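> This structure is in structure tokens; I'll ask about it shortly.
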Amino acid sequence: MQPIQAPFPAARARRMRRTPGLRALSAENSLSVGDLIWPIFVRDGENVEEPVASMPGVNRLSVDRVVLAAREAADLGIPAICLFPYTGPEKRTEDCAEAWNPDNLSNRATRAIKAEVPEIAVMTDVALDPYSDSGHDGFVRGGIIVNDETVEALVKQALAQAEAGVDIIGPSDMMDGRIGAIRSALEAAGHSDVILLSYAAKFASAFYGPFRDAVGASGALKGDKRTYQIDPANADEAMRMIARDLTEGADAIMVKPGMPYLDICRRAKDTFGAPTYAYQVSGEYAMIAAAAQNGWIDGERAMTESLMAFKRSGCDGILTYFAPTMARLLR
């Protein structure tokens with residue numbers, strides 16, 4: 001579309017900026033509570049609310065507290081929460097068997113939420129890093145993260161989550177072929193309504209550090225994840241990964257991290273037209289929250305501006321630790 005505009009002074013762009021009402025009338029994008037997914041960290045115990053030091057304002061919650069958080073989210077109008085378990089070293093093993101334990105933290109929390117707050121959608125993470133003694137998303141054999149054996153384990157993990165009652169499964173592992181394998185297994189087991197929101201474009205980023213603290217993976221991680229996550233230099237590769245996952249049966253796709261990859265969000269939406277989400281990851285959140293805590297920026301405005309950037313780039317929704325704060329502001 002070629003813009004048509006009269007020359008100055010017939011055209012004065014500031015006319016439409018003069019008052020809040022006029023600015024609202026000419027706003028090209030909007031942010032609503034319905035755009036938000038709230039990531040929540042789950043830990044063992046009862047009545048526990050444990051701060052995550054590297055994420056100001058974020059806590060690890062015991063299952064009973066997670067249910068209260070789910071009720072809070074539903075009352076605010078947030079449509080979905082996403083669960084991430086904090087697994088202690090005693091349950092981190094080479095075989096990662098806790099990942100598909102029907103009574104692991106994630107599955108217990110899912111059942112508890114569905115019993116008390118059935119109206120909210122529950123999303124879970126599929127990857128082995130919360131359960132691995134190496135901190136990697138897949139099995140490590142001879143120093144190599146192996147693909148096909150890992151996919152078999154991810155299928156078992158996804159089926160256990162589906163049995164627990166999740167609405168959305170988010171494979172974040174970046175193994176090749178896992179979307180097709182998980183989709184086939186879900187169909188065969190009668191879980192055809194479970195949504196696969198694939199982390200199709202997940203980059204090998206420096207912005208994940210606080211998250212790894214929150215789930216207890218920082219100390220466990222040996223090496224890095226560059227053999228399976230996408231090189232930050234590669235945009236075309238990200239498009240290929242998104243196309244692959246949609247072809248294999250993903251219902252929606254995720255770009256992770258968010259703000260450093262808004263170009264990927266825009267290209268993905270324009271190219272595929274599929275439901276497109278971004279994860280405003282822990283490092284992005286921590287930078288804004290810590291700067292606001294120190295009085296260096298206006299936290300409320302920075303939060304709002306950062307989330308609007310995702311909508312402007314074509315995203316249909318955002319995973320963000322700011323979800324309850326933003327929801328209250330929007331109300």
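Just so you know, all these numbers are worked out from the coordinates, no wet-lab data involved. The structure displayed is predicted, hence computed values, not measured ones. FYI the Cβ positions are ideal-geometry reconstructions off the backbone, even for glycines, and counts take in every protein chain you see.
> Along each principal axis of its Cα atoms, how long is the stretch 98-218 end to end? Whole angstroms, biggest number first, please.
That works out to 41, 31, 26 Å along the principal axes.
> Give the span of the stretch 1-105's Cα atoms along each principal axis, as three whole-Å numbers ordered largest to smallest.
Sorted from largest, the Cα extents of the stretch 1-105 read 71, 30, 26 Å.
> Another question, if that's okay. How far, in nm, would the chain grow between L221 and F272 when pulled straight, counting 0.36 nm per residue and subtracting the alpha carbon separation?
14.9 nm is the gain from fully extending L221 to F272.
> Express the relative contact order of the stretch 40-330 as a whole percentage, based on alpha carbon pairs under 8 Å and six or more residues apart in sequence.
16
> Here is a further query. Which of V122, V166, V52 ends up with the largest GNM mean-square fluctuation for the chain, with Cα atoms connected below 10 Å?
V52
> Counting only DSSP beta bridges with both residues in the chain, tell me the antiparallel percent, nearest 5.
DSSP beta bridges in the chain are roughly 15 percent antiparallel.
> So if we plug the beta-carbon distance of I144 and N47 into 1/(1 + (r/R0)^6) with R0 = 51 Å, what FRET efficiency do we get, rounded to 0.05?
0.75
> Against the longest alpha carbon principal axis of the chain, how many degrees, from 0 to 90 and to the nearest 10, is the axis of helix 299-312 turned?
90
> Another question, if that's okay. Cut-off 10 angstrom, C-alpha nodes, Gaussian network model of the chain. Which of L25, L186, L36 fluctuates the most?
Most flexible of the set in this elastic network: L25.
> Going by a ≥ b ≥ c, the root eigenvalues of the Cα gyration tensor, does the chain fall in the rounded group (a/c under 1.5), the prolate group (a/b larger than b/c) or the oblate group?
Prolate is the answer for the chain, as a/c is 1.5 or above and a/b outweighs b/c.
> Something else about it: Which FRET efficiency value, to the nearest 0.05, do you get for M287 and D64 by plugging their Cβ-Cβ distance into 1/(1 + (r/R0)^6) with R0 = 41 Å?
That gives a FRET efficiency of 0.85.
> Please tell me which of these pairs span more than 31 angstrom C-alpha to C-alpha: K91/K311; K222/K311; K114/K225; K114/K202; K114/K222?
K91/K311; K222/K311; K114/K225; K114/K222
> Counting each DSSP H run of 4 or more residues in the chain as -39500 (n - 2.57), what helix-only mean residue ellipticity at 222 nm follows after dividing by all residues, to the nearest 500 deg cm²/dmol?
My calculation for the chain gives -11500 deg cm²/dmol from helical runs alone.
> Which length gain, in nm to one decimal place, applies between E90 and R331 when the Cα-Cα distance is subtracted from 0.36 nm times their residue separation?
Going from the current span to full extension adds 82.5 nm.
> As a test, work out the antiparallel percent of DSSP beta bridges whose residues both lie in the stretch 1-89, rounded to the nearest 5.
Of the beta bridges lying entirely in the stretch 1-89, close to 25 percent run antiparallel.
> Let me ask you something else. So, counting K/R as plus one and D/E as minus one, what does the shell of residues with Cβ under 12 Å around H191 add up to?
Net charge around H191: -3.
> Right, here's the next one. Mind pulling the angle between the C-alpha long axis of helix 105-116 and the longest principal axis of the chain? Nearest 10 degrees, somewhere in 0 to 90.
60
> Roughly speaking, what % of Cα-Cα pairs in the stretch 156-222 are separated by over 21 Å, rounded to a whole number?
37
> So, in nm, how far is label N29 from label M1 when the simple model puts each one 7 Å beyond its Cα toward the Cβ?
Here the answer is 1.5 nm between the modelled labels.
> Dipole of the stretch 40-330, Cα-centred, from +1 at each Lys and Arg C-beta and -1 at each Asp and Glu C-beta, to the nearest 20 debye?
Approximately 540 debye in magnitude.
> I would also like to ask the following. How far, in degrees from 0 to 90, does helix 63-76 lean away from the longest principal axis of the Cα atoms of the chain, to the nearest 10?
Between helix and principal axis, roughly 20 degrees.
> Could you grab the relative contact order for the stretch 1-123? Cα pairs under 8 Å, six or more apart, rounded to a whole percent.
It rounds to 25 percent for the stretch 1-123.
> Then there's this: When the Kirkwood hydrodynamic radius is evaluated over all pairs of different C-alpha atoms of the stretch 165-287, what value in angstrom, to one decimal, is obtained?
15.1
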